[in-house]
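What follows is a single structure, written as structure tokens, with notes after it.
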Amino acid sequence: MTTAFDAKNPALFDAPVPPQEFGQDGGKFYHYYDTLADEIDDNMVAGLKEQLDGLLIFAGLFAGVNSAFLALTLPLMSPDPADDTNALLRDILFNLASGRNDSLPSTNALPSKTFSPTSKILTVNVLFSVSLTFALVSSFMAVLGRQWLVYYRKRTGGGPERQRWEQLKRFLGAERWRLEGVLDDVLPSLLQIGLIIFCISLTIYLNTLHPLLSRIVGGLMCAGLAILIVTAMFAIWDKFCYVDWPWDAYVANAVKDLLHKYLIAPVTSLPDYVKRKEEGDGTLQITAIRRAICTSDDARTQAHAVSNILSITDANLLVRLANDEEFDARVSELCTSSYNRTLQLCGRDRTDLATATCWVYRAAITHILLSVRDLVQDMRHKRMWHVPWTTSDEPSLFPSSDLTQNASPNMTIACLGFTAWSINRANIQTTARRRALRSTIDGLVNPSWKCISMITEVMMVQWDIHRGAFHQVHAAWIGNPSTVHQNLKSLLEESNDPWCRDRDILREYLVDIFKLASKASADSTADSTRRPVIAADSLRFSQVLVQGNGSPSSLIDAGRQLRVESISVLQSECEKLSGKRKYLSEETVQELCQLFTELMADRSISSATVGRRQTISRNEDDCELVSLFSPVLKQMHANVAAEERNRWGYINEEEDYLTFAQGVKKLETIFASFEVASYRKKD
């Protein structure tokens, strides 16, 4: 279906770039989709119009023939006036012959008073009338159908954006109310049923004239009916048979399915039809994507449609794609063959274009599976689930730096998720596989916190700490800070293990990870409510790095730099909130409390032993941490005091303030213990 790729001009094929928002890819998807939608609608309307034109012509001829026979048989339903005349003349002649000269006796009833049509004549007229009714009804419906098609393709104002979605709504309405089925199946079926009834009535009528004539015509009609039944059976047995009858699909289904689909389901869903709400933007976008992928044969249309899947983050919308069997099979097939297919279309030298296209398909499938994991029960039965097992090693299972540098955040995260999920199934040597991650990391200029989480999962799989299980990849995709923290601690422990293979590569990656985390924590474009939380998480990660036993100086320096920048972000956020009656979130304060609690636990220091001379600082970096964090804690305390002054001595009972004040008090206690422990020296 639709226009195929122009093999004579492969330059027309451009690599799809997944947009951050649906359709914001320079209008490429909308261009290809509009061409596809117009072609589908034009083909459907042209086919239905041609069908209705033929039906109207045949119905007119059939109604004329039927009316001619009715003109012959309808008079047989009423008495013939000539019979009464003949009866009266017979009585007159009888009186004359008997020599009577009086009036005619009234005892003899006229034939018209006792007339009753025979059962065969009654049956013939009923069947002829029913047959004519079917022809007239089908003709009337055909005229209405042409009007419906005119409305279906009617253009309205409002620009191309409004026309596109309005036409898609009409398409969904026509599909929901089965417009094509009514015009293409029901109307011809009505005419065919009328024709069968006409043949039966004609046979009965001829039988009233002469039995031999009825047998000859009836035998020919039975032969035609037998041919009809045999061809229908062929169509049921072989769906690619050239014969296509409107009722083949119904006969092929079981009675239970027929009752449920055409009787029970429509009745039970009638309230939904009555109260139906208009489709939202997300539903229209999902429908447009499915329509383009499942209907089009154009590689450009398919690729740009798949790229827009990555801009949809609503899991309830993506579930519709995941549960659609046709879409599942189609997109899995396209993903598996996308690399070689692009090379065949554009030339064997366009490996960069083929690689980019293949990664778009991989990322889209991974994005769907990760988004709907908690909403779909039988994911292992989806064909998309098996894509990592069927995808060849070409291209590499690591996205290139050019791809990640120009990709949207969702594209980058999905690519890393695919890598973490499928890397253990690649036929690549371990060391080469680990070095291949370098190109991906180099392309990450301003990664999100979620992206950093996914990189740590890839590294966990690379160094065989995780096995690439889907639930582990999904946990990293969620981006829970505790999960990232645990992954980094495991990677640091692995890097300090003298028996660790490729330890230098792992340490290089860890330095890069913490540099990326530093950028993420200082990103001014991040959500203002999340920046303090990210900074607190980064501070915890920096301490793990700085305190790592046996860590190289490059890692320690990266940790110190991350620590300085994280504390700077925290102090800046506290100053911004000062005087605005806003506070750091409970999650941020708890994260800071957890940091100093862990530091105390690592040094076996408790609040009960603080003040005793046995307590010493085992790390000179503790003093640096104290000096860096003290201004932040003072600012937090100042925010609490300022709020109390604003209340003129009354206690602020707002829940946010109480939570913040209690958290600050707890943090001050823990930090005081840590500060004393850091500066006290053993006598």
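The values are calculated or read from the model by the stated rules, or taken from the named source; none is laboratory data. Since this is a predicted model, take the numbers as computed values, not measurements. Methodologically, a virtual Cβ is constructed for each residue, glycine included, from the backbone with ideal geometry; neighbour enumeration extends over all protein chains shown. Side chains are part of the model used for accessible areas, which takes the heavy atoms of the whole protein and leaves out ligands, DNA and RNA. Shrake-Rupley method; radii C 1.70, N 1.55, O 1.52, S 1.80 Å.
Among the residues that make up segment 11-18, is at least one of them out of contact with any strand residue (DSSP E or B) (no Cβ under 7 Å at 6 or more places or on another chain), open to solvent by 60 Å² or more (accessible area, probe 1.4 Å) and modelled with pLDDT under 75?
Yes; the residues of segment 11-18 include at least one that is out of contact with any strand residue (DSSP E or B) (no Cβ under 7 Å at 6 or more places or on another chain), open to solvent by 60 Å² or more (accessible area, probe 1.4 Å) and modelled with pLDDT under 75.
When you scan segment 143-152, do you find a residue that is open to solvent by 60 Å² or more (accessible area, probe 1.4 Å), of a type in the set (Phe, Trp, Tyr) and under 15 Å from Phe58 (Cβ atoms), even just one?
Checking segment 143-152: not a single residue is open to solvent by 60 Å² or more (accessible area, probe 1.4 Å), of a type in the set (Phe, Trp, Tyr) and under 15 Å from Phe58 (Cβ atoms).
Do the conditions hold for Thr366, that is, is it touching a Phe, Trp or Tyr at 6+ places or on another chain (Cβ under 8 Å), open to solvent by less than 20 Å² (accessible area, probe 1.4 Å), modelled with pLDDT under 90 and over 22 Å from Glu39 (Cβ atoms)?
So Thr366 does not fit the description; no.
Name the one entry in Ser627, Ser538, Ser604 that is in a loop (DSSP other than H, G, I, E, B) and either polar (S, T, N, Q) or modelled with pLDDT of 75 or more (or both).
Ser604
Pull up segment 310-356, narrow it to residues that are of a type in the set (S, T, N, Q) and farther than 27 Å from Ser396 by Cβ, then point me to the one that is farthest from the chain's Cα centre (by Cα).
Within segment 310-356, the first condition is being of a type in the set (S, T, N, Q), and the residues that meet it are 311, 313, 316, 323, 332, 336-338, 340, 342, 344, 351, 355.
Cutting the leftovers down to farther than 27 Å from Ser396 by Cβ gives us 313, 316, 323.
Working: Thr313: 10, Asn316: 8, Asn323: 8 Å.
Here the answer is Thr313.
Any residue in segment 663-674 that is under 24 Å from Asp557 (Cβ atoms), at pLDDT below 80 and assigned to a helix (DSSP H, G or I)? Steps first, please.
Taking segment 663-674 and keeping what is under 24 Å from Asp557 (Cβ atoms), we get 674.
Narrowing further to those that are at pLDDT below 80: 674.
After this cut, where a residue has to be assigned to a helix (DSSP H, G or I) as well, the list is 674.
Among the residues of segment 663-674, at least one is under 24 Å from Asp557 (Cβ atoms), at pLDDT below 80 and assigned to a helix (DSSP H, G or I), which makes the answer yes.
Out of Thr208, Thr118, Thr203, Thr133, which single residue is in contact with a Gly (Cβ under 7 Å, 6 or more places away or on another chain) and among the hydroxyl-bearing types (Ser, Thr, Tyr)?
One residue alone meets the criteria, Thr203.
Could you grab me the full set of residues in segment 607-624 that are at pLDDT 55 or above and more than 52 Å from the chain's Cα centre (by Cα)?
Selection gives Asn619, Glu620, Cys623.
Of the residues Ser296, Ser311, Ser332, which single one is open to solvent by less than 10 Å² (accessible area, probe 1.4 Å), over 21 Å from Ala174 (Cβ atoms) and touching a residue at least 12 places away in the same chain (Cβ under 8 Å)?
Going through Ser296, Ser311, Ser332 in turn, the sole match is Ser332.
Output the residue which, of all residues in segment 448-499 that are in contact with an Asp or Glu (Cβ under 8 Å, 6 or more places away or on another chain) and of a type in the set (Val, Ile, Thr), is surrounded by the fewest Cβ atoms within 10 Å (Cβ to Cβ).
Across segment 448-499, the extreme among qualifying residues is Ile465.
State the number of residues belonging to segment 460-488 that are outside any helix (DSSP H, G or I) and more than 20 Å from Arg540 (Cα to Cα). Outline the logic, then answer.
Initially, segment 460-488 is screened for residues outside any helix (DSSP H, G or I), giving 463-469, 479-480.
Those still in the list that are more than 20 Å from Arg540 (Cα to Cα) too: 463-469.
Total meeting the criteria: 7.
Between a first residue in segment 583-594 that is closer than 14 Å to Asn639 by Cβ and a second residue that is open to solvent by 40 Å² or more (accessible area, probe 1.4 Å), which pairs have beta carbons less than 7 Å apart while being 6 or more apart in sequence or on different chains?
Tyr583/Asp656; Ser585/Thr529
Exactly one of these conditions fails for Leu213: (1) out of contact with any Leu (no Cβ under 6 Å at 6 or more places or on another chain); (2) surrounded by fewer than 16 Cβ atoms within 10 Å (Cβ to Cβ); (3) of a type in the set (A, V, I, L, M). Give me its number.
Single failed check for Leu213: (1).
Need the failing condition index for Pro188 against (1) outside any helix (DSSP H, G or I); (2) over 25 Å from Ala292 (Cβ atoms), just the number.
The failed condition is (1).
Only one residue in Leu122, Leu127 is without any contact (Cβ under 8 Å) to a residue 60 or more places away in the chain, open to solvent by 30 Å² or more (accessible area, probe 1.4 Å), out of contact with any Pro (no Cβ under 8 Å at 6 or more places or on another chain) and part of a helix (DSSP H, G or I). Which one?
Leu122
Of everything in segment 412-443, what is surrounded by 24 or more Cβ atoms within 10 Å (Cβ to Cβ) and either within 19 Å of Ala356 (Cβ to Cβ) or in contact (Cβ under 8 Å) with a residue 60 or more places away in the chain (or both)? Give them in sequence order.
Thr412, Ile413, Ala414, Cys415, Leu416, Gly417, Phe418, Thr419, listed by residue number.
Report yes if Thr203 is crowded, with 18+ Cβ neighbours inside 10 Å and polar (S, T, N, Q), otherwise no.
Against the criterion (crowded, with 18+ Cβ neighbours inside 10 Å and polar (S, T, N, Q)), Thr203 qualifies.
Considering each of Ser332, Ser338 in turn, give the residue that is farther than 24 Å from Gln20 by Cβ, in a helix (DSSP H, G or I), hydroxyl-bearing (Ser, Thr, Tyr) and out of contact with any Gly (no Cβ under 7 Å at 6 or more places or on another chain).
Result of the check over Ser332, Ser338: Ser332.
Can you pull out the residues in segment 314-327 that are assigned to a helix (DSSP H, G or I) and open to solvent by 10 Å² or more (accessible area, probe 1.4 Å)?
If the condition is that a residue be assigned to a helix (DSSP H, G or I) and open to solvent by 10 Å² or more (accessible area, probe 1.4 Å), then Ala315, Asn316, Leu317, Val319, Arg320, Glu325, Glu326 are the ones that fit.
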